[in-house]
Amino acid sequence: MKLSIEDQEFKNHLLNSIDHELNELKSHGWLSHSTFNQLLHALESERNPIQKHSSNNLQKCIALYDFNPETNDDLLLKQGDEVLILQDVDDDWYRGRVGAREGLFPKTYVELK
């Protein structure tokens with residue numbers, strides 16, 4: 001179904017509100033890391049492609065350490081990987097991209113460029 005621009009903007013507003021509420025639940029420890037990641041991934045898949053980030057204006061970072069994923073939504077990092085930061089999820093996690101792979105990774109494993 002093709003949405004009008006106004007409907008898509010309203011949908012994105014609601015998705016952003018849900019995203020905020022999920023972050024609140026996680027910050028209070030009322031939502032597990034795994035469930036949070038699954039819900040966040042589902043929200044991202046619903047967003048209009050125009051809401052997706054362009055790589056031209058996003059922050060990049062370098063992986064300081066290897067990070068082995070704990071869930072399917074985590075991003076495998078190898079020391080030295082250049083990561084494009086797509087979202088500052090919370091105080092401890094970023095969502096990012098390495099090549100074609102996307103996922104969550106701990107902020108303490110990277111250094112901003």
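At a glance:
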{"read-out": "Unmet requirement for TYR94, which otherwise passes all of (1) modelled with pLDDT under 90; (2) under 12 Å from the mean Cα position of the chain (by Cα); (3) hydroxyl-bearing (Ser, Thr, Tyr)", "value": "(1)"}
{"read-out": "Search result, residues across segment 77-111 that are open to solvent by 40 Å² or more (accessible area, probe 1.4 Å), part of a loop (DSSP other than H, G, I, E, B), within 24 Å of GLY29 (Cα to Cα) and in contact with a strand residue (DSSP E or B) (Cβ under 9 Å, 6 or more places away or on another chain)", "value": "ASP92"}
{"read-out": "The one condition in (1) closer than 20 Å to GLU44 by Cα; (2) of a type in the set (Asp, Glu); (3) over 16 Å from the mean Cα position of the chain (by Cα) that GLU102 fails to fulfil", "value": "(3)"}
{"read-out": "Residue within segment 39-59 that is modelled with pLDDT of 80 or more and in a loop (DSSP other than H, G, I, E, B) present", "value": "yes"}
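The values are calculated or read from the model by the stated rules, or taken from the named source; none is laboratory data. What you see is a predicted model; the values in this text were computed from it and never measured. Cβ coordinates were reconstructed from backbone atoms using ideal geometry, including for glycine residues, and neighbour counts include every protein chain displayed. Only protein heavy atoms, including side chains, enter the accessible area calculation; ligands, DNA and RNA are left aside. Shrake-Rupley method; radii C 1.70, N 1.55, O 1.52, S 1.80 Å.
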